[in-house]
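Colleague: Questions regarding the structure given below will be posed in turn.
The values are calculated or read from the model by the stated rules, or taken from the named source; none is laboratory data. Only a predicted model underlies this, so the values are computations on that prediction, with no experimental measurement involved. Please note: Cβ atoms are built from the backbone with ideal geometry, for glycine as well, and neighbour counts cover all protein chains shown. Surface accessibility is based on the protein's heavy atoms, side chains included, excluding ligands, DNA and RNA. Shrake-Rupley method; radii C 1.70, N 1.55, O 1.52, S 1.80 Å.
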Amino acid sequence: MTDEQTPTTFEQLGLRPELLATLTSLGYEVPTPIQEKTIPVLIEGRDLIGQAQTGTGKTAAFALPILQQLDAADRSTQALVLAPTRELAMQVAEAFHSYARGLGPISVLPVYGGAPIQLQLRHLERGAQIVVGTPGRLIDHLERGTLKLASVRTVVLDEADEMLRMGFIDDVEMILSKVAAPRQTALFSATMPQPIQRIAARHLLDPVRIEVEHKTMAAPAIEQRFLNVAEPQKLDVLVRILELE
Ligand code: AMP
């Protein structure tokens, strides 16, 4: 939020009417703080370091500018998002799909290890305009020559500190070194340990730094709790909780 009385609108951030209509239909009324700060910077084409956690609305903060800049008629891969886990890759790809609704057929492909590679190969052959993947599987596709980065204009590192923690940092660097300039690079991370700062220094060009506090959550009304249970008991326990609550 700004200091002004009226909150910033998505329209003021410069998004296309098709995207604005979709956001309204999704029930997004105003941008979250990270969206308010990030969207104009990315639309402008600048590199960015965003210190933000999950739950702040960071996915839309990078997905909307990517969709805004996408050339729908060009079937080649124009944006690449690196994510630490299969779950996050799927979730981010899903978010792209829902935000792209008003833009016609936009192809978004999640690629991650553990899933049959044949399906991903066929999809890549047909052309995936946005690829969201885990570093290991992305490198696999690069080595096979099935993923081509020549048309990539934007690269996003999502949850960079998690990729570091999981030992993917060399893979991340290798992928970054294969995307030619000029390109736009956005790095999101909840924390900024040394190796992440080094990546930023080496691979980002004069980045704008944006920080949002954890308390600026997109969904403050949602209370989260967890319970440790053995895998086989998960369903039973869940059913009991639903009955009780
Ligand atoms: P994220 O931090 O990207 O995982 O987003 C957290 C949740 O907030 C997701 O369920 C989004 O659909 C939702 N969200 C993101 N931006 C907005 C917004 N401007 N208004 C309402 N909900 C939002």
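Colleague: Relative contact order, percent, of region 89-245 when contacts are C-alpha pairs under 8 Å separated by at least 6 residues?
Modeller: 16
Colleague: Give me the percent of the accessible area of region 11-219 that comes from carbon and sulfur atoms, probe 1.4 Å, all protein chains in place.
Modeller: For region 11-219, the apolar C and S fraction of the accessible surface comes to 52 percent.
Colleague: Which of ALA201, ALA95, THR38 sits farthest toward the positive end of the charge dipole of the chain, with +1 on the Cβ of Lys and Arg and -1 on the Cβ of Asp and Glu?
Modeller: Of the options given, the answer is ALA201.
Colleague: If you take the beta carbon distance between THR6 and ARG209 as r and set R0 to 25 Å, what does 1/(1 + (r/R0)^6) give as a FRET efficiency, to the nearest 0.05?
Modeller: Working from the Cβ atoms, E equals 0.45.
Colleague: Next up: Taking only protein heavy atoms into account and a 1.4 Å probe, give the accessible area per residue of region 11-219 in Å².
Modeller: Counting only protein heavy atoms, the per-residue value for region 11-219 is 45 Å².
Colleague: Provide the solvent-accessible area of TYR99, counting protein heavy atoms only and rolling a 1.4 Å probe, rounded to the nearest 10 Å².
Modeller: Surface open to solvent at TYR99 totals about 10 Å².
Colleague: Still on this structure: What figure, in Å² to the nearest 10, do you get for the accessible area of VAL229 with a 1.4 Å probe and non-protein molecules left out?
Modeller: The value for VAL229 is about 60 Å².
Colleague: Another question about this same structure. I want the local charge near LEU244. Using Cβ-Cβ distances under 14 Å, sum +1 for each Lys or Arg and -1 for each Asp or Glu among the other residues.
Modeller: Here the count lands on -1.
Colleague: Right, here's the next one. Report the FRET efficiency, 1/(1 + (r/R0)^6), for GLU173 and ARG46, where r is their Cβ-Cβ distance and R0 is 25 Å, rounded to 0.05.
Modeller: 0.70
Colleague: Treating the beta-carbon of each Lys and Arg as +1 and of each Asp and Glu as -1, no other charges, what is the dipole magnitude of region 8-109 about its Cα centre, to the nearest 20 debye?
Modeller: 140
Colleague: Straight-line reach from LYS148: which aspartates and glutamates have Cα under 17 Å away, leaving out those fewer than 8 places along the same chain?
Modeller: Straight-distance partners of LYS148: ASP71, ASP74, GLU125, ASP140, ASP171, GLU173.
Colleague: Using the basic label-point model (7 angstrom from Cα toward the beta carbon), what is the LEU26 to ARG75 distance in nanometres?
Modeller: A separation of 2.6 nm, rounded to one decimal place.
Colleague: What would the Debye equation give as log₁₀ I(q)/I(0) for the chain at q = 0.12, 0.15, 0.17 Å⁻¹, counting only Cα atoms as equal point scatterers?
Modeller: Treating every Cα as an identical point scatterer, log10 I(q)/I(0) equals -0.72, -1.08, -1.32.
Colleague: Here's something else I'd like to know. Just the accessible area for LYS178, please: 1.4 Å probe, Å², rounded to the nearest 10?
Modeller: In the full protein context, LYS178 sits at about 110 Å².
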